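Notes for the one structure printed next.
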Amino acid sequence: MPSSSPTPPPIRSSCSTRSDGTLLRRLGTRGVQLGEFNFPTNLAFSPEGQLYVSDSLNFRVQLFDADLRPIQQIGSHGDLPGYFSQPKGLAVDADGNLYAVDAHFETVQVFDRAGRLLLNFGREGRGPGEFWLPAGIHIDSKSRIWIADSYNRRVQVFEYRREGES
């Protein structure tokens, strides 16, 4: 006899597995609302354990709290600084600032903890500080910013210097 109970809503929690590969939980479903995704491509964690997810075809980065509840969207579709066309790689520095690589605009955008744009750098090209389909980003313990510059077939390294540092 078929059950008359309604289908439960999709689980919106982290995706994790046991050592045998059994899925324990998952985060999100396909869609456009906060907590939903349209081609998530990269992840980064803040020093406090918050999760950032680049939601590439929703043209945004989503922020989840340490309990994996969606709390904020950063950016939207557009062609100016602070907007995204194809967000990909993500990294978070020691100060909690988010670095987001936009593969289509050939830029890196930096946002503060509140999601406000601090700066962007890069442009299309083959020279230093120029990118051609950048994809990945990592910030090491010395605050060096490593960017995988895919079509230029290289990795570029930048150094973040605070005011007063030489």
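The values are calculated or read from the model by the stated rules, or taken from the named source; none is laboratory data. Remember, predicted model here, so these are calculated numbers, not experimental data. All Cβ positions, glycine included, derive from the backbone under ideal geometry; neighbour counts span all protein chains shown. All accessible areas refer to the heavy atoms of the entire protein, side chains included, with ligands and DNA or RNA removed. Shrake-Rupley method; radii C 1.70, N 1.55, O 1.52, S 1.80 Å.
Is it the case that some residue within the stretch 79-101 is touching a Leu at 6+ places or on another chain (Cβ under 7 Å), at pLDDT below 95, open to solvent by less than 10 Å² (accessible area, probe 1.4 Å) and under 16 Å from residue 133 (Cα atoms)? For the stretch 79-101, residues touching a Leu at 6+ places or on another chain (Cβ under 7 Å), at pLDDT below 95, open to solvent by less than 10 Å² (accessible area, probe 1.4 Å) and under 16 Å from residue 133 (Cα atoms): absent. Can you find a residue in the stretch 100-118 that is farther than 23 Å from residue 48 by Cβ and in contact with a helix residue (DSSP H, G or I) (Cβ under 9 Å, 6 or more places away or on another chain)? Within the stretch 100-118, one or more residues are farther than 23 Å from residue 48 by Cβ and in contact with a helix residue (DSSP H, G or I) (Cβ under 9 Å, 6 or more places away or on another chain). When we screen 34, 43 for residues that are open to solvent by 80 Å² or more (accessible area, probe 1.4 Å), in contact with a strand residue (DSSP E or B) (Cβ under 7 Å, 6 or more places away or on another chain) and either not charged (D, E, K, R) or not in a strand (DSSP E or B) (or both), the only hit is 43. Within the stretch 102-121, the set of residues being at pLDDT below 95 and aromatic (Phe, Trp, Tyr) comprises 105 only.
Residues that are touching a residue at least 40 places away in the same chain (Cβ under 8 Å) and within 14 Å of residue 111 (Cβ to Cβ) within the stretch 41-51 comprise 44, 46, listed in sequence order. Taken over the stretch 149-159, the criterion of being closer than 19 Å to residue 97 by Cα and open to solvent by less than 80 Å² (accessible area, probe 1.4 Å) is satisfied by 157, 158.
Entry remark, the stretch 52-78: residues being farther than 18 Å from residue 107 by Cα, without any contact (Cβ under 8 Å) to a residue 40 or more places away in the chain and open to solvent by less than 10 Å² (accessible area, probe 1.4 Å) number 2 in total. Of all residue pairs spaced 6 or more apart or on separate chains, those with beta-carbon atoms under 6 Å, a first member in the stretch 88-102 that is over 10 Å from residue 43 (Cα atoms) and without any contact (Cβ under 8 Å) to a residue 60 or more places away in the chain and a second member that is surrounded by fewer than 21 Cβ atoms within 10 Å (Cβ to Cβ) and acidic (Asp, Glu) are 97/112. So for the stretch 113-125 (the condition being of a type in the set (Lys, Arg), within 12 Å of the chain's Cα centre (by Cα), surrounded by fewer than 22 Cβ atoms within 10 Å (Cβ to Cβ) and under 18 Å from residue 149 (Cα atoms)), does at least one residue qualify? No, the stretch 113-125 has no match at all.
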